[in-house]
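Heads up, the thing below is written out as structure tokens.
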């Protein structure tokens, strides 16, 4: 396994300026976590052509054919406290969506809470966050995967890729665009410690199923209601039937429509 590091034309504030490249790793998130413990600077990105033990949400495995995806994990350092970090996931999703729209302006890009980016209703990118405290503040590791080609999509999975709308897309181009978007997004988070009004407006413009009845599953339980939007703290705002208050959810799996009734027996 060979690693190289170098400078690229990422965000002037440091996002994407230091790139650690691997041909193959088990998980870019594990590598980034180790580098963060060793003092890697804010904005460092771990990039791999292929990973054999990538992680998705809820412990799912995440792998892709070599070169078919942008496989990255980013190190963010912040003095903001842990209570503000729930805003980071939708904000990073927005940054990825903006990068994809710059590359493919005609692509029907959408945001699916809490951290998926869709094209034409199919998953094209996913984000996974882990965080830990340090003597200097919080460290956030953001795993970002973007399907560049169709062979990034596992068999039997309904997914999409950016190449459907931008056939000549390259890993380096996608990395540059994501770097720029993440730089702006992180500056907004540091300034506001939440989702700023302009970010919320952009998220709501892209949000799938807003105004629709959805079911959000958290463990064995499910909550049904109308998805009214996203809160400034990154929560999903749900209007539950017969409840005068808006319910805020911070984790869960969302599907459109009411939860199917269980069969008897």
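Please state which one of 104, 110, 125 is farther than 12 Å from residue 186 by Cα, in the same structural domain as residue 157 (by TED's automatic domain parsing), without any contact (Cβ under 8 Å) to a residue 60 or more places away in the chain and touching a helix residue (DSSP H, G or I) at 6+ places or on another chain (Cβ under 7 Å). Walk me through how you get there before you give the answer.
Values: 104 fails: without any contact (Cβ under 8 Å) to a residue 60 or more places away in the chain; 110 fails: without any contact (Cβ under 8 Å) to a residue 60 or more places away in the chain.
The match here is 125.
Does residue 174 meet the test of being under 25 Å from residue 20 (Cα atoms) and in contact with a strand residue (DSSP E or B) (Cβ under 6 Å, 6 or more places away or on another chain)? Can you show your working first?
Numbers: under 25 Å from residue 20 (Cα atoms): yes; in contact with a strand residue (DSSP E or B) (Cβ under 6 Å, 6 or more places away or on another chain): yes.
It is true that residue 174 is under 25 Å from residue 20 (Cα atoms) and in contact with a strand residue (DSSP E or B) (Cβ under 6 Å, 6 or more places away or on another chain).
Working only within the stretch 197-224, note down all residues that are farther than 19 Å from residue 108 by Cα and surrounded by fewer than 20 Cβ atoms within 10 Å (Cβ to Cβ).
Hits for the stretch 197-224 are 197, 198, 213, 215, 217, 218, 219, 220, 221, 222, 223, 224.
For the subset of the stretch 27-55 comprising residues that are surrounded by fewer than 22 Cβ atoms within 10 Å (Cβ to Cβ) and at pLDDT below 90, which member is nearest to the chain's Cα centre (by Cα)?
For the stretch 27-55, the residue satisfying everything is 55.
Going by what's in this entry, would residue 99 be described as touching a helix residue (DSSP H, G or I) at 6+ places or on another chain (Cβ under 9 Å), surrounded by 19 or more Cβ atoms within 10 Å (Cβ to Cβ) and assigned to a helix (DSSP H, G or I)? Reasoning before the result, please.
Details: touching a helix residue (DSSP H, G or I) at 6+ places or on another chain (Cβ under 9 Å): yes; surrounded by 19 or more Cβ atoms within 10 Å (Cβ to Cβ): yes; assigned to a helix (DSSP H, G or I): yes.
Taking the combined requirement at face value, the residue satisfies it.
When you scan the stretch 225-239, how many residues do you find that are touching a residue at least 60 places away in the same chain (Cβ under 8 Å) and surrounded by 17 or more Cβ atoms within 10 Å (Cβ to Cβ)? So that I can check it myself, show each step before the final result.
So in the stretch 225-239, the residues touching a residue at least 60 places away in the same chain (Cβ under 8 Å) come out as 227, 230, 232-236.
From the residues that got through so far, the ones that are surrounded by 17 or more Cβ atoms within 10 Å (Cβ to Cβ) too are 227, 230, 234-236.
Residues flagged as touching a residue at least 60 places away in the same chain (Cβ under 8 Å) and surrounded by 17 or more Cβ atoms within 10 Å (Cβ to Cβ) within the stretch 225-239 amount to 5.
The values are calculated or read from the model by the stated rules, or taken from the named source; none is laboratory data. None of these values were measured; they are calculated from a predicted model. Cβ atoms come from the backbone with ideal geometry, glycine included; neighbour counts cover every protein chain shown.
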